[in-house]
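The values are calculated or read from the model by the stated rules, or taken from the named source; none is laboratory data. The structure displayed is predicted, hence computed values, not measured ones. Glycine gets a Cβ as well: all are built from the backbone with ideal geometry, and neighbour counts include every protein chain shown. When the accessible area is computed, the model is the full protein with side chains, heavy atoms only, and any ligands, DNA or RNA have been set aside. Shrake-Rupley method; radii C 1.70, N 1.55, O 1.52, S 1.80 Å.
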Number of protein chains: 2
Amino acid sequence: MNAAAEERPGAGSRIVDFLDDIGDVPIITEPQVVRRRSRDFFWYSPILNAQLHGKSAEVVVTPRHETDVVAIARAATRHGVALTPRGGGTGNYGQAVPLNGGALVDFSLMTHILWTKPGLLRVQAGAKMGAIDEALQISGWELRLHPSTKRTATIGGFVAGGSGGVGSITYGGLRDPGNIGAARIVTLEREPRIIELRADAAQKINRAFGTTGLITELEMPLGPRWRWIDVIIVFDEFIAAVETGRALALADGVIKKLVTPIAWPIPQAFADLKDHCPDGKSILVAMIAESSMETFRTLVHGRGVVTYEAATDESAGKVPLYEYCWNHTTLHMLKGDRSITYLQCLFPHDRLVATVEKMVATFGDEVLHHLEFSRYAGHVTASALPIVRYKSPERLTEIIATYEAAGVFIANPHVYTLEDGSRYRRADADQLGFKAEVDPYGLLNPGKMKSFVGRPWAAAE
Amino acid sequence: MNAAAEERPGAGSRIVDFLDDIGDVPIITEPQVVRRRSRDFFWYSPILNAQLHGKSAEVVVTPRHETDVVAIARAATRHGVALTPRGGGTGNYGQAVPLNGGALVDFSLMTHILWTKPGLLRVQAGAKMGAIDEALQISGWELRLHPSTKRTATIGGFVAGGSGGVGSITYGGLRDPGNIGAARIVTLEREPRIIELRADAAQKINRAFGTTGLITELEMPLGPRWRWIDVIIVFDEFIAAVETGRALALADGVIKKLVTPIAWPIPQAFADLKDHCPDGKSILVAMIAESSMETFRTLVHGRGVVTYEAATDESAGKVPLYEYCWNHTTLHMLKGDRSITYLQCLFPHDRLVATVEKMVATFGDEVLHHLEFSRYAGHVTASALPIVRYKSPERLTEIIATYEAAGVFIANPHVYTLEDGSRYRRADADQLGFKAEVDPYGLLNPGKMKSFVGRPWAAAE
């Protein structure tokens, strides 16, 4: 047996039969590469790190176009092979980590922009969001929403595994009507179908971790491409940063993309921003349209001190400020202290500041707060990814319960199923019903939509 | 004495001395023209109609540029002549109706656009808002906010006498930070100064009815010029139109400029829209960006029936739908019934629908409701200009009291002073203090800021 053969799954296995059926679709079988591609940033969670350690696909398939995706879907259904779609692998709860082996469907070759119109874009699912915005540069448009991992995340991965991010202070989240235009998917039926899910129907694949179809194309709304200015303002007290952030968030006449108060000592972890983050000070990070900067300066005048102001720079080697926000904050903290972890909160919009104050007072140094002002269902509020000095799973459960008792919604990032991480502890009925239609055997990212019970797969029916 | 001389104010009067001092500034003295220019749409109010009937300037002066404005200000201060600045005369509470004669300063010759930048415009105060947007057409920008009288209203008049309007559902009102960039004014001092009021400071002239300086230039923020679609949706019940409007207003992913539920029988007065407004149905009028139309249709599907959809057309002879909204609704009603009048309401954002329902039930046919969804201080709510079947001043006062008891703020449009029409029944302290600085003798639109007491004017000090 030669080395290459050794690395391939055993002949006669479902995987081999599956690979035989997908023609010349490029594949990867080197175990180290397959294992690496099967991971995401679940290691931010000590709990998931233990649970997902070692989970891996058996093979990576890399479709070049929709015809390849259909071939992969047909072969998977024929041979009962689980498929886990994967974008940039920037998720945080193992969204794209296969629990039961099978094939990882890596969309990194499907990156074409199909068309743009004023305010709209159609693009293949594997395009990186940074690359999309770069391609749009001359058009005067840009993606409305992106995660802090914009430069490596794909648009398909964002829609399948994300919820909002930079831009949510203006447009709300991916769940809000109009923030996903349409999705085109391939089903996992004996005879795979191609379905176009338009407008509201596209919610069937939003944050479903790829369990409800293989997304091949997306239509996404665009926003005007302002010249964005990255700003840091420093405050003696965190709560003053929160109040200023809220005033800014509520100022509908100020065009903005990011409003992020960050409590000291978190900025201590921002080595490259040291000159702008004095010791002991909390900060407010913001992205403001250049034409709104004068109003912005007036609004923050007398509240905090602006220590940094420069056009957002996403070019190679530069670090835009949004890479210190959302879950990038956790990454910066982890560089210095591998024992920390984080939570995902949504504060109540009608008693935001009081609730933040209460949580800060309750947890002291055990939980370090930074907020992301966002619009949620039309209201200005804040989501948050607070840094937790991790002690034990039990203590983490206690902390979550304390937030929930204070009226803060927690989307638990220490679980890998849709249901456990969701507000209602159940899969959206639409998504559950839709999955029965498009993935009757439960071959898509199995185990992630835990309430779904598929038909038993059999070689023939 | 010839005819022309007869029409001029008596020699030796302050006015004649004033006119002698302003050089070649164009003037109008024909009494009919002066009287006509001294009016606005105060006749929507039977109360103001009685109070302001016959009020007129003695002369109209028409500055061509800022140097003329300074000459007018200097001459007015020297001779103790009252000045009332005037834009398009589209106000509704006599904002630009002189109470004590003097000179009307008509800005209709000062219409230059001084510059535009991405998201910003600098323009002379007398430019009509319709003309500004027309000039901006190729730039891809447009004014963020405009009244329903956009085609005849001037930008200076809007900022001095208005509060918001079409666009407020996205950007809030003129009071919100960032919605007025800057104002340049000429003061009414012995030696007039030119002052640039930037950012927050520009609020000193917002909705001050021209009492705090002669506005010569404005810097206004611009928004992206979407291709707007005018839409009418019909409903069996008004409250369903309100609920759908609210859902749309809260949908941050849907780009919109106007969201206006209008109760039957108001649409009966919209003769030209008859084909789209079936008998007995309430309607929702909206302006939606073309790229958001698919989401919009999904959102209203099953709630109401779309009867009209066409690109907003502001060309000559066409009537864009916003000319049925805000206070244009009153105008359409007045065409058929001169006995009606109206109110100005702001509903509470946190119990909007219930309060509207209560007011509809309370007043029945005596008050006909139409709402304008808006953002106010960062919250989605509705202002409203309900049509009132007018009975008496006493009944109008009762109606106002009933709204206020229900938590609805009323800006009374049947009074002509700043204070009586304002939420706090007093002039903003900043504006009052600023007026003492820039108009020490109280020569600017006297009687409108009633709490201001100027220094007595004397020929020399």
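A quick yes/no check of all residues on (1) over 18 Å from A:Gly94 (Cα atoms); (2) hydroxyl-bearing (Ser, Thr, Tyr):
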| position | (1), (2) |
| --- | --- |
| A:Thr149 | no, yes |
| A:Thr152 | no, yes |
| A:Gly156 | no, no |
| A:Val166 | yes, no |
| A:Thr170 | yes, yes |
| A:Asp176 | yes, no |
| A:Ile180 | yes, no |
| A:Ala183 | yes, no |
| A:Glu191 | yes, no |
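Can you name every residue in region A:401-413 that is open to solvent by 10 Å² or more (accessible area, probe 1.4 Å) and either within 14 Å of chain B (Cβ to nearest Cβ) or closer than 23 Å to A:Ala208 by Cβ (or both)?
A:Phe409, A:Ala411, A:Asn412
I'm told B:Arg74 meets every condition in (1) within 30 Å of B:Met333 (Cβ to Cβ); (2) in contact with a Pro (Cβ under 9 Å, 6 or more places away or on another chain); (3) open to solvent by 30 Å² or more (accessible area, probe 1.4 Å) except one. Can you identify the failing condition by its number?
Only one criterion in (1) within 30 Å of B:Met333 (Cβ to Cβ); (2) in contact with a Pro (Cβ under 9 Å, 6 or more places away or on another chain); (3) open to solvent by 30 Å² or more (accessible area, probe 1.4 Å) is unmet by B:Arg74, namely (1).
Conditions first: (1) of a type in the set (Lys, Arg); (2) open to solvent by 30 Å² or more (accessible area, probe 1.4 Å); (3) in contact (Cβ under 8 Å) with a residue 24 or more places away in the chain; (4) not in a loop (DSSP other than H, G, I, E, B). A:Arg426 passes all but one, so which condition is the exception?
Unmet for A:Arg426, out of (1) of a type in the set (Lys, Arg); (2) open to solvent by 30 Å² or more (accessible area, probe 1.4 Å); (3) in contact (Cβ under 8 Å) with a residue 24 or more places away in the chain; (4) not in a loop (DSSP other than H, G, I, E, B): (4).
Just a yes or no: is a residue in region A:138-160 part of a loop (DSSP other than H, G, I, E, B) and farther than 27 Å from A:Gly317 by Cα?
First, pick out the residues of region A:138-160 that are part of a loop (DSSP other than H, G, I, E, B): A:140, A:144-145, A:147-153.
Going one step further and asking which of them are farther than 27 Å from A:Gly317 by Cα, we end up with none.
Looking for residues that are part of a loop (DSSP other than H, G, I, E, B) and farther than 27 Å from A:Gly317 by Cα, one finds none in region A:138-160, hence no.
Output the residues belonging to region A:354-389 that are open to solvent by 30 Å² or more (accessible area, probe 1.4 Å) and either within 14 Å of chain B (Cβ to nearest Cβ) or farther than 21 Å from A:Gly336 by Cα (or both). Let's see the steps before the verdict.
Initial filter on region A:354-389 (open to solvent by 30 Å² or more (accessible area, probe 1.4 Å)): A:354, A:357-358, A:360-362, A:364-365, A:376-377, A:379, A:389.
A:Ala354, A:Glu357, A:Lys358, A:Val360, A:Ala361, A:Thr362, A:Tyr376, A:Ala377, A:His379, listed by residue number.
Taking the condition modelled with pLDDT of 95 or more, part of a loop (DSSP other than H, G, I, E, B) and of a type in the set (A, V, I, L, M, F, W, C), does B:Leu188 pass? Lay out the reasoning, then the answer.
Values: modelled with pLDDT of 95 or more: yes; part of a loop (DSSP other than H, G, I, E, B): yes; of a type in the set (A, V, I, L, M, F, W, C): yes.
Yes.
Suppose the filter is assigned to a helix (DSSP H, G or I) and either of a type in the set (Val, Ile, Thr) or open to solvent by less than 50 Å² (accessible area, probe 1.4 Å) (or both); does A:Phe434 pass it?
On the way: assigned to a helix (DSSP H, G or I): yes; either of a type in the set (Val, Ile, Thr) or open to solvent by less than 50 Å² (accessible area, probe 1.4 Å) (or both): yes.
The answer is yes for A:Phe434.
What pairs come up if the first residue lies in region B:285-303 and is on the phi < 0 side of the Ramachandran plot, the second is of a type in the set (Lys, Arg), and their beta carbons are under 6 Å apart, counting only those six or more places apart or on different chains?
Pairs that qualify, where the first residue is on the phi < 0 side of the Ramachandran plot and the partner is of a type in the set (Lys, Arg), are B:Met287/B:Lys257; B:Ile288/B:Lys256; B:Glu290/B:Arg227.
Search region B:108-131 for residues that are on the phi < 0 side of the Ramachandran plot and free of Cβ contacts under 8 Å to residues at least 60 places away in the same chain and pair each with any residue that is open to solvent by 30 Å² or more (accessible area, probe 1.4 Å) and of a type in the set (Gly, Ala, Ser) when their beta-carbon atoms are under 6 Å apart and the residues are at least 6 apart or on different chains.
These pairs meet every condition: B:Ile113/B:Ala135; B:Gly126/B:Ser108.
If you take the residues of region A:232-255 that are out of contact with any Ser or Thr (no Cβ under 9 Å at 6 or more places or on another chain) and among the aliphatic types (A, V, I, L, M), which of them is nearest to B:Gly378 (Cα to Cα)?
Only one residue fits best here, namely A:Leu250.
If you check B:His349 against the conditions, is it more than 14 Å from every other protein chain (Cβ to nearest Cβ) and under 29 Å from B:Arg225 (Cβ atoms)?
Working: more than 14 Å from every other protein chain (Cβ to nearest Cβ): no; under 29 Å from B:Arg225 (Cβ atoms): yes.
The answer is no for B:His349.
Which ones in region B:362-415 are within 22 Å of B:Ser282 (Cα to Cα), of a type in the set (Gly, Ala, Ser) and over 22 Å from the mean Cα position of the chain (by Cα)?
B:Gly364
Just name the residue that is surrounded by the most Cβ atoms within 10 Å (Cβ to Cβ) out of those in region B:88-145 that are closer than 21 Å to B:Pro63 by Cβ and charged (D, E, K, R).
B:Asp106
Filter region A:166-185 for residues that are over 21 Å from A:Ser374 (Cβ atoms) and either assigned to a loop (DSSP other than H, G, I, E, B) or open to solvent by less than 10 Å² (accessible area, probe 1.4 Å) (or both); which is nearest to the other protein chains (Cβ to nearest Cβ)? Step through it out loud before you land on a result.
As a first pass, look at region A:166-185 and keep what is over 21 Å from A:Ser374 (Cβ atoms): A:182-185.
Now narrow it down to the ones that are either assigned to a loop (DSSP other than H, G, I, E, B) or open to solvent by less than 10 Å² (accessible area, probe 1.4 Å) (or both): A:182-183, A:185.
Numbers: A:Ala182: 8, A:Ala183: 13, A:Ile185: 18 Å.
So the residue we want is A:Ala182.
For region A:251-273, how many residues meet the condition of being under 23 Å from A:Met359 (Cα atoms) and surrounded by fewer than 20 Cβ atoms within 10 Å (Cβ to Cβ)? Before the answer, list the steps.
Keep residues of region A:251-273 that are under 23 Å from A:Met359 (Cα atoms), which gives A:258-269.
If we keep only those that are surrounded by fewer than 20 Cβ atoms within 10 Å (Cβ to Cβ) as well, we get A:265, A:268.
Total satisfying the criteria: 2.
Can you find, within region B:219-235, the residue that is farthest from B:Ala310 (Cα to Cα) among those that are in contact with a Gly (Cβ under 8 Å, 6 or more places away or on another chain) and either within 14 Å of chain A (Cβ to nearest Cβ) or not in a strand (DSSP E or B) (or both)? Full working, then the answer.
If we filter region B:219-235 for residues that are in contact with a Gly (Cβ under 8 Å, 6 or more places away or on another chain), which is where we start, we get B:219-226, B:233-235.
Within this subset, residues satisfying the condition of being either within 14 Å of chain A (Cβ to nearest Cβ) or not in a strand (DSSP E or B) (or both) are B:219-226.
On the way: B:Glu219: 32, B:Met220: 28, B:Pro221: 27, B:Leu222: 24, B:Gly223: 21, B:Pro224: 19, B:Arg225: 16, B:Trp226: 14 Å.
Applying the filter and picking the extreme gives B:Glu219.
From the list B:Arg297, B:Arg303, B:Arg246, which residue is within 14 Å of chain A (Cβ to nearest Cβ) and touching a Leu at 6+ places or on another chain (Cβ under 7 Å)? Spell out how you get there, then give the answer.
Numbers: B:Arg297 fails: touching a Leu at 6+ places or on another chain (Cβ under 7 Å); B:Arg303 fails: touching a Leu at 6+ places or on another chain (Cβ under 7 Å).
Answer to the check: B:Arg246.
Checking A:Val259 against (1) assigned to a strand (DSSP E or B); (2) out of contact with any Leu (no Cβ under 6 Å at 6 or more places or on another chain); (3) within 22 Å of B:Tyr171 (Cα to Cα), which test does it fail?
All conditions are met except number (2).
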